[in-house]
Structures are given as structure tokens and as C-alpha cells.
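The values are calculated or read from the model by the stated rules, or taken from the named source; none is laboratory data. Predicted model, so just to flag it, every value in this text is computed and none were measured. Using ideal geometry, Cβ is built from the backbone for each residue, glycine included, and neighbour counts are taken over all protein chains shown.
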């Protein structure tokens, strides 16, 4: 806006504020428009007209377009029908033909806005009511003040609605499109990033640490106050400090989910004055095992076979591998190669499938359940841009590496952290040995690991059943994991897991040699039904290591008086 010469500075300042105020000119303004939608433009472009002042007639108003690449020549795209009235605070939405957006258009025309440098304007009887130029324009007849930069896929929107300082670059910002609705709410929070540690949980009973970065995209400052995290019915409070418009804040939560599943996580923010509660979606979080899981990992090969990651299907239907992606803690997501994985099937994603195939054949890999070299070889696939798994803990964190598996929606459905301080993190395996999942369906308490160093002599079982899978013949309530105690291969303890049934009150656990002599009393209780976990490190009752050989783990289920209701036996081997 050009000011008359000689006007006092104070009055110039007042007029400048007045010009920037919504509706000061008493005329409609172009409030928001989308000139470069995501993908193809057809049916997605729109121009939103706004009236911030009293109700006004749009009779004779035209919406016009000019191509900034040529001499300005205005082309009429829409003319308001007689009797069109725009209410106070109202919006009028002019959309492209075959409109596919969520709002109901007030008019559909062939917009053809192009992607800049271009301009649009509102005019009536030769008088320009509003003018907006976008893109790198140089002709000052096509913009007010300075043209607004255009960002592909985003709308250009006035902030706040109706504000008009006669400077397009100052009045418009790139934003998510809101056709037919206010561009910015008073308080409008969006999640910039949400990071869960760990990125998923394999069972309930464990806790996660969740960091959420919030941005206030509203036009008013947040004064501060209590907010709540809603995680599948678990509500965790926190305090969100004051944050200005456009500012960001980080919130930290510790939550222990109470049930398995894929849970939507959201933030609840009571708005100032008790007007309403704003719910902000945060993420989806997986608790419990999903349809596809990490089953074996080789981060430390020693015979030229290369690193590999074995995946196992738990789904009752065929899975599309191409819908999943892998990453390690230091790398980017890498999509798996397309292919179908049948229910219960295994696939081995290899750093070098040719080298791994040669290793399998050289070692004459013969697995259990009829799994031989041929069947193992058919399960190998290569992954472009291998993530290079760590064999040591870097100085920047407390664990060696973390492998994450995500689905097509970006939700982490399984993760393995190794070489970390938590009791459920398996150790960094010795050179040549892999890490194997103990059992896909094993119920464990919150402190027990589901992983162990491979007990296979070759160091791993790619494409075949894991060597540390618990025996199925252990009995109705006792499982041992793994079945072989071998300190030289990193297996320094066996996990003994008992599930006392509903009719029982307790248990007793002991280890016997093959001649029936008790070598270790692992105790028991009468604490009622539920899960129990004990560990045996191959020691006898005098805390001395037992000789190599076979041993029987005996678990008995007791009633309230201590009488035996049932017994389970598992044969284990100490090497």
C-alpha cells in the first residue's frame, strides 16, 4: 500500500496496522489456494474466497488468472452468479472440475492455475479487489509487495484468515490445505516426531519410553498446562510448558501397555478456558508379536558367508514381503524384495546370497524337521544396500545395534536390540555364531530374554528351524530355553519357564543327572497360578559346574498343601 507524502509517521503506522487487519478493506480476499497439488493437478486445485467483515454481495466479482511467464493477460476463470452473498466470516470455495477434495465446493470450474510463476486476482468492474502472485515473478503488476514462494503439494494460506498487509510474501504461508475451513486454529498442535524406545514391545509387562516433539501451528500462544498421553486406555499425565505460535516443545513419557495389539497413541490437550479438548494423533505402536518377526540374526560371520537376517511368518495368510522394510540403528529403511511368504514360512535376507548359499552347501546344512540344504537354499534373498550390523557398542549409545522391521504403514512390528544393558537384550555373539529367537509363541515374563546365541555347531541355522527352540515334549507347563548349555558359544545359562495352571497353587523345580540324583534344587513357592522364571548356569548345589553330559529338569505343579498335581520333565545337555 502506497502512503501519501507528508503523512505523520504515527498515522502511517496506524494505517499500516489497519491495512493488515482482517476485513479492513471491506472486500473479499483470496484466503487460500492450491496451485500445485500432490500428484496430478486435475480435480484438486481450489481457490478459497473469504469475507472477514460484514456480509457483502459478490455480484459481478470475477476470479482471474495470469500466466507469469508472458505479458500479463488476465483470463476469467469464474464469475459470481447474481445474488451471491458472502456472510460475515464466510468462505466461498471455487474448485477445479471433477473435484476430489473433502469439502463441498460452491462452484466448479476449469481452474488451470499452473505451478508458478503465476498470479490470481479478484476484480469487479475493472477494479482489483485482491491480487496474489506466487513463484519467482518479476513483473510487479502481478503481485502485492513481493510474490509468495510456492511449495509443491502444499496450499498457500493467509495467516491468520483474512489478514491483508498488501504483501503476498508476508501474508501467505505454505500449509496443509484446508478448503472451505479456517486456515489456522487458535491452538493447533502437530507431532513433528515421535520416538519410542524400544520401537515396539514383544510382550506386555515391559515399559517403553516415548518422546514426542510437538509444534504449535495455531495463531495463539499456548499458556502451558497439563496434558495426557492416551495409550490404549493407559493415561499418563505430563506438563506442557508455554509455547508460542510456531514454537516446539518435547514431552517425555514412560508407559507400560496392558494388552497386546496395534494401539493408536494420542495426546489430550485441554484448551484454555475449558472450551474443548484437543486430541493430537501421535503414532501407532505394536505390542506383542505381529504377522512377520525377526527369527535369527548373524552379525558376526567368520567364514565368508556374510551377514544375514532370517524372518518368520506367524500369519495365517500369505504375506507380501515387499510391504515390509528393514533398518539397523545407524542406517535408513530398506524395502524387502517383492515376493510371497507362506504361513509359517522362513525367508533369509542376506548381505550376499551367493556367499551364504556356498556356506550352507560347504557345511552340509542339515536342520531338523526334514530341513536340508535344498530347502534352506530356496529361502535366500538379497537386500540391496545392506545395513552393516555392529559387533561392538559405539560410544554414542549403550547397545551394539538394533534391527527394526516395519510394515507398509511405517509401524515397527518387531525389533531386536543386542549387546545392550537390559536383561532381555541378548549379548553380542562370538565370531561365527548367530542370535536365534527361542520360540515364536513362548510366554515369558517381563525380565526374560526371548533370544539366545545359536547352539548349532556350524554357528547358525539360516533357512532351517532354530537350534535353540524349546522342546515340545517338556510337559504341560515347563519349557527350557535353550536345550544346550555351552559357555564356549555364549550360552551361559538356561531359562526355565513354568506356567502354574489355574488349578495349581505353586511349583517345585530341580535338576537331576541321568542316574536320578538331584544336582541342583532351584526352589519353588505356593504363590498361586501364574508365570515363573528361573535360570540354571550349570552349577550344582555347591555352586560348582557339573560335568558335561545330559541332565533332567523336573518341574512339579503343587496344590495348596504342597502335594504334587502334575510333573514335567525336559532333557538338557551341558557341553
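Between 210, 220, the distinction of being out of contact with any helix residue (DSSP H, G or I) (no Cβ under 6 Å at 6 or more places or on another chain) and assigned to a loop (DSSP other than H, G, I, E, B) belongs to 220 only.
So, residue 322, is that one in the same structural domain as residue 386 (by TED's automatic domain parsing), touching a strand residue (DSSP E or B) at 6+ places or on another chain (Cβ under 7 Å), on the phi < 0 side of the Ramachandran plot and without any contact (Cβ under 8 Å) to a residue 24 or more places away in the chain or not? So residue 322 fits the description; yes.
Please verify whether residue 199 is more than 21 Å from residue 49 (Cα to Cα) and in a loop (DSSP other than H, G, I, E, B), treating the condition exactly as stated.
Numbers: more than 21 Å from residue 49 (Cα to Cα): yes; in a loop (DSSP other than H, G, I, E, B): yes.
The answer is yes for residue 199.
With the condition kept exactly as written, say whether any residue in segment 389-401 is crowded, with 20+ Cβ neighbours inside 10 Å and at pLDDT below 90. Scanning segment 389-401, I find no residue that is crowded, with 20+ Cβ neighbours inside 10 Å and at pLDDT below 90, so the answer is no. Is there a residue being closer than 30 Å to residue 50 by Cβ and in the same structural domain as residue 278 (by TED's automatic domain parsing) anywhere in segment 203-214? Within segment 203-214, one or more residues are closer than 30 Å to residue 50 by Cβ and in the same structural domain as residue 278 (by TED's automatic domain parsing). Checked against the criterion of being touching a strand residue (DSSP E or B) at 6+ places or on another chain (Cβ under 6 Å), over 27 Å from residue 292 (Cα atoms) and either at pLDDT below 75 or assigned to a strand (DSSP E or B) (or both), segment 445-462 has no qualifying residue.
Here is a yes/no grid of residues against (1) at pLDDT 95 or above; (2) surrounded by 15 or more Cβ atoms within 10 Å (Cβ to Cβ); (3) within 12 Å of residue 46 (Cβ to Cβ):
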residue: 114; (1), (2), (3): no, yes, no
residue: 123; (1), (2), (3): yes, yes, no
residue: 126; (1), (2), (3): no, no, no
residue: 133; (1), (2), (3): yes, yes, no
residue: 138; (1), (2), (3): no, no, no
residue: 142; (1), (2), (3): yes, yes, no
residue: 145; (1), (2), (3): yes, yes, no
residue: 148; (1), (2), (3): yes, yes, no
residue: 163; (1), (2), (3): no, yes, no
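Would you mind finding the one in 169, 193 that is outside the structural domain of residue 280 (by TED's automatic domain parsing) and not in a loop (DSSP other than H, G, I, E, B)? Explain how you work it out, then say what you get.
On the way: 193 fails: outside the structural domain of residue 280 (by TED's automatic domain parsing).
It is 169.
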